[in-house]
Amino acid sequence: MRHQNYKYRIGTTTAHRKALLANLSASMIESGKIKTTITKCRSLRSFIEKLVTLAKEDSVQRRRLVLSRLRNKQALKKLFADIAPKYKTRPGGYTRITKLPDARVGDGAQVAYISFVE
């Protein structure tokens, strides 16, 4: 049974959704801020906050866990070296979603920025 196990269905299969979230999170770690649809932002928020929480403690096992989800070694290094130490004492809420007023041209999807909290 799937009680209390809600995931944002981005209109793709499970494997595609996992790959999409891994690529979006790697882009966000490298640039600090990305622009995408609101549904993807909300899905990415829970995914990347779990990665940052894991990266707060630097150990081999944590690095392997994060790498299995992130799939990008450069982003892994930046996450453990630069991003996670900033949030060492913060208990959660590492990201911010800022909605944009205009919809995307083409399908009319609402667009937002997702970025790390300073």
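The values are calculated or read from the model by the stated rules, or taken from the named source; none is laboratory data. Just so it is clear, the structure is predicted and the values come from calculations on it, not from any experiment. Glycine also receives a Cβ, built like all others from the backbone with ideal geometry; neighbour counts cover every protein chain displayed.
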Given the criteria out of contact with any Leu (no Cβ under 7 Å at 6 or more places or on another chain) and either at pLDDT below 95 or surrounded by fewer than 18 Cβ atoms within 10 Å (Cβ to Cβ) (or both), does Y87 qualify? no
When you scan region 26-40, do you find a residue that is under 21 Å from E118 (Cβ atoms), touching a Phe, Trp or Tyr at 6+ places or on another chain (Cβ under 9 Å), touching a residue at least 60 places away in the same chain (Cβ under 8 Å) and part of a helix (DSSP H, G or I), even just one? yes
Report yes if some residue within region 45-53 is touching a residue at least 24 places away in the same chain (Cβ under 8 Å), under 19 Å from G11 (Cα atoms) and not aromatic (F, W, Y); otherwise report no. yes
Can you report the number of residues in region 63-80 which are of a type in the set (D, E, K, R), touching a residue at least 12 places away in the same chain (Cβ under 8 Å) and assigned to a helix (DSSP H, G or I)? 3
R9 passes all but one of the listed conditions (1) surrounded by fewer than 17 Cβ atoms within 10 Å (Cβ to Cβ); (2) at pLDDT 95 or above; the exception is number (2)
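Each row is one residue, and each column tells you yes or no for (1) closer than 15 Å to S31 by Cα; (2) touching a strand residue (DSSP E or B) at 6+ places or on another chain (Cβ under 9 Å); (3) of a type outside the set (S, T, N, Q); (4) part of a loop (DSSP other than H, G, I, E, B).
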site: D82; (1), (2), (3), (4): yes, no, yes, no
site: R90; (1), (2), (3), (4): no, no, yes, yes
site: L100; (1), (2), (3), (4): no, yes, yes, no
site: V105; (1), (2), (3), (4): no, no, yes, yes
